[in-house]
Structure formats: structure tokens, C-alpha cells
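All remarks here apply to the structure that follows.
The values are calculated or read from the model by the stated rules, or taken from the named source; none is laboratory data. Here the structure is a predicted model, which means the values were calculated and not measured. Quick reminder, even Gly has a Cβ in these numbers, built from the backbone with ideal geometry, and neighbours come from all protein chains shown.
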Amino acid sequence: MNIQSRTEIGQEIIRVMLVDDDDRIQQALRLAIETHPELHLVGQAYTLREAMAVVNELQPEVVLVDLGLPDGSGLELIAHIHQHMPGCESMVLTVFGDESHVISSIEAGATGYLTKDTRTADILDRLKQLRAGGSPISPVIARRLLNRFRGVSTPDQLPTSKATVNHAFTPLSEREQQVLEMVAKGFMQAEIADLLGVSINTISTYVKRIYKKLAVNSRTSAVHRANALGLINLKDC
């Protein structure tokens, strides 16, 4: 584990952790992040065991994780983050571009999915996009998913896991409902934070809770699920 430190003054810095057994990729991303004014590298891990041992202590806001780690699958780390770290998001960076790995990652809790042929500069941009409320995904992966789901009219009709189908809805709090309505209207997390006078980390926590209660893993699915449950009316958004 190699933990970096950098003074964070004058602007909100995104805390990033790297989990990958490829030293070449680790070093390239490390150098790029260290020179980026809006990103701060809090730690690096090369194995699943190493990452699981320190991720809670490091408290990253985004974990960039490979799926094929030498001692296990990155899916285990993604699931841990999704279940126990509501202020943190996972973005996959992997050589796997098949539907099975993509869907498994999303179901585990990943909110972004990039292949390793993505340029370093673009990866850093996607990290910022993720924290702003987006769900970045490599174009080739997006095309494959579109082809898979072509002909399906709405996101809530997409194939779901048994956990999602059997999910018992937990009512949203008043503030969660407020955030959900703003998400449905297209506001990004940073905009919602500004309008409500709270930090983006607070909004990210609310969004994570909303996703968990609705048993979804994306903004679009959350909106359609909420509409189906009668929590919002898309005609009013």
C-alpha cells in the first residue's frame, strides 16, 4: 500500500483510491492524479486483500478498481463499498468488456465502467463526472448494452436480479424525497448541494441511500423505479 498526501486548499478535492495489480497502469494514473488540481490520491492497492484492509480507513470518494485481481474479484470490493461506504463510489477499470462482467459490476454497486484502452486524461475526466452525479461508461460497452436491450421500452423492464425483484420498498425520508425529485428534474449532485446549502458528499450519501432503498444502481433506473412506485410523476419533472 502506498498512501499519498497533498494539501487540499481553496477547492473541493476528490479523494481517489487505485486498486489494480498492473504496476504500469498504477504509476501512469498516479502521476496524472498527482498533477491534477481537483484530484487527490489517498492510496493504492495491488490485491483484493490489501484493498479490503484499508479502504474504510482511507475513506476515498471514488475507488478505481480492476475486476481481475490476483487474489480475487474486484466485485467483492465494489459490493463492500456499496453496502458499507455510502459516501464512496466505485468505477471499474478493466480489460473485460463483455456483458456478463458489466452487468455483474452494476449489480454489485459500480456506478461507472471503463475499459483499459481509455486514455488517462479521459479516465480523470470520468472520475470528476462520476462525482458530479454521472455514470460514465466506455462507448463500446454502452453500444453492446444498447444492442442487448434494444426493443425494451423502459429501464424498469430491463432484466434484474432476484434481489431487485423481491425488494421490499423502504420509505424515503423527507430530505431523500426532495433529493430524488431534484435528480428526476436533471440536476447534478453539485447543483443539488448548492441549492440545498450542503456539501456534495452529503448529497452523494442521500443518493446512495435512495439507490439502496429503490434497489437500483443508476440515476435513470432510480427515476423510473420511483415513478413506478408513485414517488414522483415524470410528467411534472
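Tell me yes or no: at least one residue of segment 122-130 is within 22 Å of R24 (Cβ to Cβ), in a loop (DSSP other than H, G, I, E, B) and in contact (Cβ under 8 Å) with a residue 24 or more places away in the chain. Looking through segment 122-130, none of the residues is within 22 Å of R24 (Cβ to Cβ), in a loop (DSSP other than H, G, I, E, B) and in contact (Cβ under 8 Å) with a residue 24 or more places away in the chain. Being surrounded by 17 or more Cβ atoms within 10 Å (Cβ to Cβ), farther than 14 Å from T111 by Cα and at pLDDT 85 or above: is that true of I200 here? Judged against the criteria, I200 is a match. For segment 198-237, a residue qualifies if it is touching a helix residue (DSSP H, G or I) at 6+ places or on another chain (Cβ under 9 Å), over 17 Å from V62 (Cβ atoms) and not in a helix (DSSP H, G or I), and the qualifying residues are V198, A215, V216, L231, I232, N233, C237.
Answer with yes or no whether R15 is basic (K, R) and either surrounded by fewer than 17 Cβ atoms within 10 Å (Cβ to Cβ) or more than 18 Å from T111 (Cβ to Cβ) (or both). Considered against the rule, which asks whether it is basic (K, R) and either surrounded by fewer than 17 Cβ atoms within 10 Å (Cβ to Cβ) or more than 18 Å from T111 (Cβ to Cβ) (or both), R15 comes out as no.
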